[in-house]
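What follows is a set of notes on a single structure, which appears directly below.
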Amino acid sequence: MLKFLLKQPLWRKVAVGFGLGVLAGALAGPQAEPWFGPLGDLYVNLIKMLVVPLVFFTVATSLPKLAGVGNAARLGGRTLAWFVVTSTLAVGVGLGFGLLFDPGAGVSNLVTEPFALKDIPTVTEVLVGLAPANLFAALAEGKVLQVLVVAGFVGAGLLALGDKTARLRALLDEGSSLIFQITRWIIQLTPIGVFGLIAAVVGHYGLASLAPLAKFIVAVYVACLVHILVVYGGLLKLHGLKALPFFRGALPAQQTAFASASSIGTLPVSLRTTIDRLGVPQAYAGFAVPLGANMKMDACGAIYPAIASIFVARYFGVELTGAHYGLIALTAVLGSLATAGVPGTATVMLTLTLSTAGLPLEGLGLLVAIDRIVDMMRTATNVTGQMLVPVLVAREEGVLDLAVYEGRGRAPAPEAEPAVLAAE
């Protein structure tokens, strides 16, 4: 049986780990967290260990190669444009399902959990914060957006200097290959990590404790699923692509995102998945996917704040008007870009949305208890969008490898590097 399981594709191993985690968590109850939680924590730490070097090496080595893929400015512009378009569609989905489910109806006397109100940075603070005062501090503290900016400068400098930096470019390429090799090893531990993470969550919360807010949880999950399957699937079809190969290829990253509830933590998996399973050139994916992991939050920045705002308004008896809905939509679309790289994006976005729409900020405390449960689906949706946009742009630019996308071939191995997930 074990031999048979080891031969299965990664997504099936992860599915088995997920199922066993739910079972173990339900059986062990509160003891599941100390028993199985360390397995998940170890996996998350290993993945997070890769994030900063992966972002630095991939962006620094990808930018000099973008000239071979297409016009760098055009690629960047299209990427950002699709970020905005999909976020706009996401907030529409969130408002629609918030009104359809009306999750605050009939809910009363909820215990308000203590919560720390997040500071909302100004646009000026975000822009100033992009540049690290100390590069080594940014690396050590894992400030991914700052690392991305520094790596962008390094990549642009290498491109400008050309052959003068041939040896440095070769060294960075070797560093990139090394990080990808380590990534391949750690990705194989995903089923074990997912088992530990899910067992701990199920054991800690239990199914009964979720009952008072079950309608809210279902509304978020259904909205996210519709956004993934209908909106993302429709955009793929509009680009002449079959949706099934995308979802099949994206599954390992989606599973990791769901279990870890961290877009940044999933970055090593989503980056390799976008290249090796979805056929996006590494030179472009190395730029677009890390950018998306910091800026593209369809669920945290759009769907969740929209549904949560409707829930809070209903709970506190506030009648929402057309102006409220307009403010919620505008804040959700623009705010997610303005809070790029801020820890706790979903809470920041909800704080921003509630305050802009004039809704009680005490509503944040009502949702703290279920945040981890909801965050799992939010993150899976975010990561799916972060992989979708590079696929759409690569298709528009005519550089998407259809054989890889449709599962008929392997992604080219850059710098003689074996594809991380090709065997899967």
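Just so you know, all these numbers are worked out from the coordinates, no wet-lab data involved. Keep in mind the model is a prediction, meaning the values are calculated, not measured. Here the Cβ positions follow ideal geometry from the backbone for every residue, glycine too, while neighbour counts run over all protein chains shown.
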Legend entry - Value of relative contact order over region 130-280, rounded to a whole percent, pairs C-alpha under 8 Å and six or more apart: 17 percent
Inset, instruction - Step through the residues of region 289-306 one at a time and calculate ³J(HN,Hα) from phi using the Karplus curve (6.51 cos²θ - 1.76 cosθ + 1.60, θ = phi - 60°), rounding each to whole Hz and writing x for Gly and Pro. - result: 5, x, 4, x, 5, 9, 10, 9, 10, 4, 7, 5, x, 10, 5, 5, x, 5
Legend entry - Whole-Hz ³J(HN,Hα) from phi, Karplus 6.51 cos²θ - 1.76 cosθ + 1.60, for region 23-40, glycine and proline x: 5, 5, x, 5, 6, 7, x, x, 6, 4, 5, x, 6, 9, x, x, 4, x
Inset, instruction - Could you point to the residue in VAL201, GLY233, ALA160 farthest towards the positive end of region 143-256's charge dipole, with +1 and -1 charges on the Cβ of Lys/Arg and Asp/Glu respectively? - result: GLY233
Inset, instruction - Mind giving me the FRET efficiency for GLU406 and LEU100? R0 is 45 Å, r the Cβ-Cβ distance, nearest 0.05 is fine. - result: 0.80
Legend entry - Contour minus Cα-Cα distance for GLU397 and LEU135 (0.36 nm per residue): 90.9 nm
Inset, instruction - Find which of THR274, ALA329, SER309 sits farthest along the positive direction of the dipole of region 215-335, computed with +1 on the beta-carbon of Lys and Arg, -1 on that of Asp and Glu, about the Cα centre. - result: THR274
Inset, instruction - Determine ³J(HN,Hα), in whole Hz, for all residues of region 250-265 in sequence, where each value follows from phi through the Karplus function 6.51 cos²θ - 1.76 cosθ + 1.60 and θ = phi - 60°; x replaces Gly and Pro. - result: 7, 4, x, 5, 4, 5, 5, 4, 5, 6, 8, 6, 8, 5, 5, x
Inset, instruction - Could you calculate the contour length gain from ARG12 to LEU27, that is, 0.36 nm times the residue separation minus the distance between their Cα atoms, to one decimal place in nm? - result: 3.1 nm
